[in-house]
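Single-structure report; data block below.
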Amino acid sequence: MNEILRQIGEIGIVPVIAISDVEKAVPLARSLAEGGIPCAEVTFRTAEGEESIRRIAKECPDVLLGAGTVLSTEQVDRAISAGARFIVSPGLNSKVVAHCADKGITITPGCSNPSDVDKAIEMGLDIVKFFPAEQAGGLDYIKAIAAPYKSVKFMPTGGINAGNLAKYLMYEKILACGGSWMVKADLINASRFDEITHLCEEAMNIAMGFEFKHMGFNAANANEAKNAAQMFETLFHIPVKAGNSSIFATNDIEIMKSPGYGKKGHICFSTNSIERAVAYFERRGIKFDKDSARFDTKGKYISVFFAEEICGFAVHLAGKEPNIK
């Protein structure tokens, strides 16, 4: 996976934008970044698309900018010249894909069936757009056609919204989702950029899926931890489960058998993707204790602590089980 696609995967959401007034382009891009989505696919559906890309590329270099609805090699050249860093097409046009390969620019062509995916693989691609996602069968259809293609990931676009975003992103073969619900034309045309920022923040919260998981307390030793757990059990009839390094009183209270992270203990929040969450927080300047990170055999995060404590409690992220069926 190349660097552009890696960054898109870390963000998880690609706003798909049709701009009819170039004066709206830069403030729109800034509102996306302020809302936590420093990424945009500006489509060639309007005559203003190319100039909008040019202005955003110049004024907002930190926004990962792509050109969408690219239908010809000529449009590829115009998009690159304007400052687009990736190309998105609604279908699998062999000439367009080959032209992008020759230019060394990332392209995600639209695929909606196994034959398209086969052709994309033959052309050296392992990330494809799935379009139109909901109309073509949605997540269930993606799962069905993804099964034979172990190395391919998808970027579904079309019918994605706040209601189904998390469901898509929880599937391990989804790189990111494209959508326009946070950048609708009426919001852009009315310069309601604060509202767009709010919708982006809402979308990122959905994508992250943060939930409180448990609170951990540091006991001085295993005996103190055992006594504390028994107290919870006696007082509240809470089931207790002992582990190697801690004792759980239900799933919400963890008592460490020896002092662990944090002066007083730790707080755990789960998230749909630790990888995306770490990138999301780091874009906001929030640091992690990378020495605390634990990984599975595939190199995916199991957990990681933030660098700073809150009221004497260390805070860490834990991943939710991915949707692999």
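The values are calculated or read from the model by the stated rules, or taken from the named source; none is laboratory data. As the structure is a computational prediction, the values presented were derived from the model and not from experiment. All Cβ positions, even for glycine, are placed from backbone atoms using ideal geometry, and neighbour counts span all protein chains on display.
A few notes on this one:
- Leading residue by the ranking (nearest to Phe130 (Cα to Cα)) among those in the stretch 14-38 that are under 11 Å from the mean Cα position of the chain (by Cα) and buried (at least 24 other Cβ atoms within 10 Å of the Cβ): Val14
- Of all the residues in the stretch 194-246, those that are assigned to a helix (DSSP H, G or I), in contact (Cβ under 8 Å) with a residue 40 or more places away in the chain and either touching a Lys or Arg at 6+ places or on another chain (Cβ under 8 Å) or of a type outside the set (D, E, K, R) (or both) number 10.
- Residues considered: Ala228, Ala147, Ala207, Ala190. Of these, the only one that is closer than 24 Å to Ile8 by Cα and surrounded by fewer than 19 Cβ atoms within 10 Å (Cβ to Cβ) is Ala147.
Per-residue answers, yes or no, for (1) at pLDDT 95 or above; (2) not polar (S, T, N, Q):
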residue: Ser115; (1), (2): yes, no
residue: Glu122; (1), (2): yes, yes
residue: Asp126; (1), (2): yes, yes
residue: Lys129; (1), (2): yes, yes
residue: Leu139; (1), (2): yes, yes
residue: Ile142; (1), (2): yes, yes
residue: Lys150; (1), (2): no, yes
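- Where strands (runs of 3 or more DSSP E) fall wholly inside the stretch 251-314, the ranges with 1 or more residues that are touching a residue at least 40 places away in the same chain (Cβ under 8 Å), β-branched (Val, Ile, Thr) and in the same structural domain as Phe232 (by TED's automatic domain parsing) are 265-271.
- Condition check for Ile4: under 23 Å from Glu172 (Cα atoms) and surrounded by fewer than 20 Cβ atoms within 10 Å (Cβ to Cβ): yes
- Residue check, Asn323 at pLDDT below 95, surrounded by 14 or more Cβ atoms within 10 Å (Cβ to Cβ) and closer than 21 Å to Ile11 by Cβ: yes
- Here the stretch 91-100 is the region considered, the condition is being of a type outside the set (A, V, I, L, M, F, W, C) and farther than 16 Å from Ser115 by Cβ, and the residue that is surrounded by the fewest Cβ atoms within 10 Å (Cβ to Cβ) is Lys95.
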